[in-house]
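Colleague: First the structure, which I've put down as structure tokens, then a few questions once you've had a look.
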Amino acid sequence: MLLVSPAVPQSPVYTGRLAPSPTGDLHLGHARTFWIAAERARAASGRLLLRNDDLDANRFRLDFVATMLEDLHWLGLTWEEPMVSQSEHMPLYRQALKTLHAAGLIFPCSHSRRDVIEAAGAPHEGGANDEPVYSPQFRPPAGAPLPELGDTISINWRFRVPDGRELTFQDGALGPQTAVAGRDFGDFLVWRKDDTPSYQLACVVDEIAMGITEVVRGADLVKSTFRQLLLFQALGEPAPAYYHCPLMCDENGQRLAKRHDALSLRTLRARGVTPAEIIRNFAPNP
Ligand code: GLU
């Protein structure tokens, strides 16, 4: 007689990702975040994938993809091939948009970024990676019939956030995090009028498609995580764990950005700094 043992639920293999944008040279802050991501995958005997975030048509340059890969290799990071490029995932993003549309969770928005900023009034604190809280006066009434999406999209579509809902998650580095939808962030873009998905939607669809179990990234994206948690829920998928690395600042306390040439990996390398010297300064748990 064949003995069949009851199925033992398997926890998924730790799967992390590096998600650089090919929009300029990587700097020390990226290097630290990616190194931490690689260390966490290694410590969990897990997988590490590379996602090329190449959807930003205004800033994307093909030669930056090669530079980015070279910087990562130089630093000694390794990942599972093949690299995933977001530009190859358009059908997946479109499918997710259709799901959100069918569920009535999004609405078209013809207001410009300037309108949105002006209506929001007080300047927002979120910095470059954040958008002002969308004024509810711009929303169509809940339940109003939605126009069709059509084959080519030429208007922005936004996700209608559940006003007043408190969202929480346990961050692996920063501890418990809380935000209130509609107060700390508002209706956010999921699709742009140039017919590309927003970062929020593309990122969530890719975490699902790539089977990511933990996202390691910079703390500038904590607020985006709340938006993304709403998208996971709307798409009926569990969210990964999150580990947001504190941001690295220069000697004047300014957050490192791609304009900080002096601290780009290229410049450091040209000055004879070695990867080992760079990595030595990265505390395992910043
Ligand atoms: N490509 C994004 C960035 O460089 C990554 C965002 C993420 O890790 O979710 O900001």
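The values are calculated or read from the model by the stated rules, or taken from the named source; none is laboratory data. Note that the coordinates shown come from a computational prediction; the quantities given were computed from them, not determined experimentally. Here Cβ is always computed from backbone atoms with ideal geometry, including for glycine, and neighbour counts include all displayed protein chains. Just so you know, the surface numbers come from the protein's heavy atoms only, side chains and all, with ligands and any DNA or RNA stripped out. Shrake-Rupley method; radii C 1.70, N 1.55, O 1.52, S 1.80 Å.
Colleague: Does Leu62 fit the bill of being more than 19 Å from the chain's Cα centre (by Cα) and under 22 Å from Phe232 (Cα atoms)? Let's see the steps before the verdict.
Modeller: Details: more than 19 Å from the chain's Cα centre (by Cα): yes; under 22 Å from Phe232 (Cα atoms): no.
Taking the combined requirement at face value, the residue does not satisfy it.
Colleague: Could you please give the count of residues in the range 74-90 that are surrounded by fewer than 16 Cβ atoms within 10 Å (Cβ to Cβ) and more than 19 Å from the chain's Cα centre (by Cα)?
Modeller: 5
Colleague: Looking at (1) within 17 Å of Met210 (Cβ to Cβ); (2) at pLDDT 95 or above, which is the one condition that is false for Pro12?
Modeller: Of everything listed in (1) within 17 Å of Met210 (Cβ to Cβ); (2) at pLDDT 95 or above, Pro12 misses just condition (2).
Colleague: Which ones in the range 206-225 are farther than 23 Å from Val133 by Cα, in a helix (DSSP H, G or I) and β-branched (Val, Ile, Thr)?
Modeller: Once the filter is applied, which keeps residues that are farther than 23 Å from Val133 by Cα, in a helix (DSSP H, G or I) and β-branched (Val, Ile, Thr), the range 206-225 yields only Ile208.
Colleague: Any chance you could count how many residues in the range 158-169 are open to solvent by 40 Å² or more (accessible area, probe 1.4 Å) and closer than 18 Å to Trp191 by Cβ?
Modeller: Adding up the residues that qualify gives 1.
Colleague: Just the residues that are more than 19 Å from Glu207 (Cα to Cα) and open to solvent by 40 Å² or more (accessible area, probe 1.4 Å), please, taken from the range 11-30.
Modeller: Within the range 11-30, Asp25, His30 qualify.
Colleague: While we're here: Please go through the range 178-198 and pick out each residue that is part of a strand (DSSP E or B) and surrounded by fewer than 18 Cβ atoms within 10 Å (Cβ to Cβ). If you could, list the steps in order and put the result at the bottom.
Modeller: Taking the range 178-198 and keeping what is part of a strand (DSSP E or B), we get 178-181, 185, 188-191, 197.
If the condition is that a residue be part of a strand (DSSP E or B) and surrounded by fewer than 18 Cβ atoms within 10 Å (Cβ to Cβ), then Thr178, Val180 are the ones that fit.
Colleague: Report, by residue number, each residue of the range 141-157 that is open to solvent by less than 80 Å² (accessible area, probe 1.4 Å) and either of a type in the set (Lys, Arg) or under 20 Å from Arg227 (Cα atoms) (or both).
Modeller: Those that are open to solvent by less than 80 Å² (accessible area, probe 1.4 Å) and either of a type in the set (Lys, Arg) or under 20 Å from Arg227 (Cα atoms) (or both): Asn156, Trp157.
Colleague: Continuing with the same structure: When Ile106 is evaluated against the numbered criteria (1) farther than 21 Å from Val222 by Cα; (2) open to solvent by 30 Å² or more (accessible area, probe 1.4 Å), which criterion, by number, is the only one it fails?
Modeller: Result: Ile106 passes all but (2).
Colleague: Still on this structure: Return the total of residues in the range 31-59 being at pLDDT below 95 and surrounded by fewer than 17 Cβ atoms within 10 Å (Cβ to Cβ).
Modeller: Of the residues in the range 31-59, 4 are at pLDDT below 95 and surrounded by fewer than 17 Cβ atoms within 10 Å (Cβ to Cβ).
Colleague: What are the residues in the range 236-279 that are over 29 Å from Glu207 (Cα atoms) and part of a loop (DSSP other than H, G, I, E, B), if any?
Modeller: Residues satisfying the conditions are Asp250, Glu251, Asn252, Gly253, Gln254, His260, Arg271, Gly272, Val273, Thr274.
Colleague: In the range 219-238, which residues are open to solvent by less than 10 Å² (accessible area, probe 1.4 Å) and within 12 Å of the ligand (Cβ to nearest atom)?
Modeller: Listed by number, the residues that qualify are Ser224, Thr225, Arg227, Gln228.
Colleague: Still on this structure, please answer the following. Filter the range 239-258 down to the residues that are free of Cβ contacts under 8 Å to residues at least 60 places away in the same chain and exposed (fewer than 15 other Cβ atoms within 10 Å of the Cβ) and list them by number.
Modeller: Cys249, Glu251, Asn252, Gly253, Gln254
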